[in-house]
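K.L.:
Can you keep this structure in mind? I'll have questions shortly.
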Amino acid sequence: MSGDAILLLGAGGHARSCVDVIEQEGRFRIAGFVGTANEVGTTQLGYPVLGSDADLPSLLQKFKRVLVTVGQVKSPDVRMHLFAMARAHQCELPAIISPHAYVSRHAQIGAGTVVIHGALVNPNARVGENCILNTGAVVDHDAIVGDHCHISTTAVLNGGVIVGAGSFVGSNACVRQDIRIGERCLIGMGQRVVADCADGTWLPPRKEKA
């Protein structure tokens, strides 16, 4: 794989998904990960864990292209902190888009956002910075996703939906057209969202009827 080096901030499950997308996209060479202190010196999918949070300032001086690869469910705070720290060190935060996803040329994808295999982003959709569009997620026409959001596996945002910054939409959730979801909301797995959600709304995972 050719291309310039990129450092991955996080070494867990989501990071492994990001590795596969970066390899498939082929633009960048993965230098390694920043993980926990216990992970330093180990490898993930053949790439080294180069340091922990304590080493981050020096690593951000050495590697000027990074991707936040910590996952996000309950809170966006860790991803937001790492993104801000990389920005403060004047690092480049490229959007990473799987060649097995579809992003309309009439859509916008923000810096540091990763679009994983099978995701679909339709015309006039706008996705902010430092977002995760996970496997099979759908962002339909004219939908807007704020910064630091995670649209999880096979979740569907129908046309004109607005999702506020820092929100999470769980696996297989479906949001009706033109609904507004506020900032820092947590929409549980399988939910059917048919009314607007105020900032900080928590909708638990949907329970299937017996």
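The values are calculated or read from the model by the stated rules, or taken from the named source; none is laboratory data. Not measured: the values here are computed from a predicted model. When we count neighbours, we look across all protein chains shown, and the Cβ atoms used for this are built from the backbone with ideal geometry, even at glycine.
K.L.:
For VAL145, only one of the following conditions fails: (1) in contact with a Gly (Cβ under 8 Å, 6 or more places away or on another chain); (2) of a type in the set (A, V, I, L, M); (3) under 25 Å from ALA5 (Cβ atoms); (4) without any contact (Cβ under 8 Å) to a residue 24 or more places away in the chain. What is its number?
P.N.:
With (1) in contact with a Gly (Cβ under 8 Å, 6 or more places away or on another chain); (2) of a type in the set (A, V, I, L, M); (3) under 25 Å from ALA5 (Cβ atoms); (4) without any contact (Cβ under 8 Å) to a residue 24 or more places away in the chain applied to VAL145, the lone miss is (3).
K.L.:
Taking region 8-55 as the region of interest, how many residues are of a type in the set (A, V, I, L, M, F, W, C) and in contact with a Leu (Cβ under 6 Å, 6 or more places away or on another chain)?
P.N.:
The total comes to 7.
K.L.:
If you don't mind, there's one more thing I want to ask. Mind listing whichever residues of region 39-61 are within 21 Å of the chain's Cα centre (by Cα) and at positive phi?
P.N.:
Narrowing region 39-61 to residues within 21 Å of the chain's Cα centre (by Cα): 44-45, 47, 49, 52-53, 56, 60.
Selection gives LEU45 alone.
Residue-wise test of (1) under 21 Å from VAL78 (Cα atoms); (2) charged (D, E, K, R); (3) in contact with a helix residue (DSSP H, G or I) (Cβ under 8 Å, 6 or more places away or on another chain).
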| site | (1), (2), (3) |
| --- | --- |
| GLY112 | yes, no, yes |
| CYS131 | yes, no, no |
| VAL138 | no, no, no |
| ILE162 | no, no, no |
| ARG180 | no, yes, no |
| GLY188 | yes, no, no |
| ALA195 | no, no, no |
| ARG206 | no, yes, no |
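K.L.:
Shifting gears a bit: Only strands (runs of 3 or more DSSP E) wholly contained in region 1-119 count here; list those with 1 or more residues that are of a type in the set (A, V, I, L, M, F, W, C), out of contact with any Phe, Trp or Tyr (no Cβ under 9 Å at 6 or more places or on another chain) and assigned by TED's automatic domain parsing to the domain that holds ALA155. Spell out how you get there, then give the answer.
P.N.:
Values: elements: 4-9, 28-34, 47-51, 66-68.
Hits in region 1-119: none.
K.L.:
So, in region 71-88, of the ones that are touching a helix residue (DSSP H, G or I) at 6+ places or on another chain (Cβ under 9 Å) and surrounded by fewer than 21 Cβ atoms within 10 Å (Cβ to Cβ), which residue ends up farthest from SER167 (Cα to Cα)? Before the answer, list the steps.
P.N.:
We begin by selecting, within region 71-88, every residue touching a helix residue (DSSP H, G or I) at 6+ places or on another chain (Cβ under 9 Å); these are 71-72, 82, 85-86, 88.
Retained after the next criterion (residues that are surrounded by fewer than 21 Cβ atoms within 10 Å (Cβ to Cβ)): 71, 85, 88.
Working: GLY71: 13, MET85: 20, ALA88: 23 Å.
Ranking the candidates gives ALA88 first.
K.L.:
What pairs come out if I take residues in region 29-48 that are under 12 Å from ILE6 (Cβ atoms) and touching a residue at least 24 places away in the same chain (Cβ under 8 Å) and pair them with residues that are among the hydroxyl-bearing types (Ser, Thr, Tyr) and surrounded by 15 or more Cβ atoms within 10 Å (Cβ to Cβ) whose C-beta lies under 6 Å away, six or more apart or interchain?
P.N.:
Sorted first by the residue in region 29-48, then by its partner, the pairs are ILE30/TYR47; GLY32/TYR47.
Residues checked against (1) farther than 19 Å from ILE181 by Cβ; (2) in contact with a His (Cβ under 7 Å, 6 or more places away or on another chain):
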position	(1), (2)
CYS91	yes, no
ALA95	yes, no
SER98	yes, yes
HIS106	yes, no
THR113	no, no
ASP147	no, no
HIS150	no, no
THR153	no, no
LEU157	no, no
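K.L.:
Would you check if there is a residue in region 92-113 being more than 21 Å from VAL169 (Cβ to Cβ) and either surrounded by 16 or more Cβ atoms within 10 Å (Cβ to Cβ) or at pLDDT below 95 (or both)?
P.N.:
Yes, region 92-113 contains a residue that is more than 21 Å from VAL169 (Cβ to Cβ) and either surrounded by 16 or more Cβ atoms within 10 Å (Cβ to Cβ) or at pLDDT below 95 (or both).
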